[in-house]
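Worksheet: the structure to be examined is printed underneath.
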Amino acid sequence: MNAFQGFPRITPFLWFDSNAEEAVDFYLSVFKNSRRLDELRTTEEGPGPKGSILTIEFELDGQKFTALNGGPKFKFNESISFVVRCDSQKEVDYYWTKLTAEGGSESQCGWLKDKFGLSWQIVPARLPDLLKHPRAVHAMLQMKKLDIAELERAAQS
């Protein structure tokens, strides 16, 4: 059987030092309709101790991912981020609070880093339409977590 059977052609593959399982458990707790799909453990050949988790396949709200315990060689940076489109301020607040918890950090314009260093953009679904208005762009540039009502006011002024 093909290990990637049922996976889309393009799937994000996330490199963690040795905490892929902790990260996957965290993401599964944040995103509804999510699940752990499969895992691959190391053999005598390594890397890592025999029987330890090498990769975990998981799904966050319909998007499939693979997490790898790859060692300390590479770290996440802002050149890659995941966009979470939100239908309400309540959703923006929820994801912002959950993903910045326990060591995450806020950035500008709806961007944040979670406690594993992965970058996320928590944005209203209407953001592309709102940003057609220069005052809404200016308002967004002043924000960390995006405020939908403020962006709408700026777009209407």
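The values are calculated or read from the model by the stated rules, or taken from the named source; none is laboratory data. All figures in this text were calculated on a predicted structure; none of them were measured in a lab. Glycine also receives a Cβ, built like all others from the backbone with ideal geometry; neighbour counts cover every protein chain displayed.
Some notes on this structure:
- Subset of segment 105-147 [in contact with a strand residue (DSSP E or B) (Cβ under 6 Å, 6 or more places away or on another chain) and within 30 Å of residue 72 (Cβ to Cβ)]: 105, 106, 110, 111, 112, 113, 119, 120, 121, 122, 144
- Yes/no for residue 97 being outside any strand (DSSP E or B) and either within 27 Å of residue 17 (Cβ to Cβ) or aromatic (Phe, Trp, Tyr) (or both): yes
- Any hit, segment 42-49, residues being among the small types (Gly, Ala, Ser), surrounded by 11 or more Cβ atoms within 10 Å (Cβ to Cβ), on the phi > 0 side of the Ramachandran plot and in contact (Cβ under 8 Å) with a residue 40 or more places away in the chain: no
- Just one of the listed residues (114, 147, 93) is surrounded by 13 or more Cβ atoms within 10 Å (Cβ to Cβ), in contact (Cβ under 8 Å) with a residue 40 or more places away in the chain, within 21 Å of the chain's Cα centre (by Cα) and under 21 Å from residue 15 (Cβ atoms), namely 114.
- Residues that are touching a residue at least 24 places away in the same chain (Cβ under 8 Å) and exposed (fewer than 13 other Cβ atoms within 10 Å of the Cβ), drawn from segment 130-144: 141
- The single condition among (1) more than 18 Å from residue 27 (Cα to Cα); (2) assigned by TED's automatic domain parsing to the domain that holds residue 26 that residue 147 does not meet is (2).
- Options 129, 114, 87, 61; residue that is in the same structural domain as residue 37 (by TED's automatic domain parsing) and not aromatic (Phe, Trp, Tyr): 61
- Whether a residue is surrounded by fewer than 16 Cβ atoms within 10 Å (Cβ to Cβ), touching a residue at least 40 places away in the same chain (Cβ under 8 Å), under 20 Å from the mean Cα position of the chain (by Cα) and under 17 Å from residue 16 (Cα atoms) was assessed, and residue 77 passes this test.
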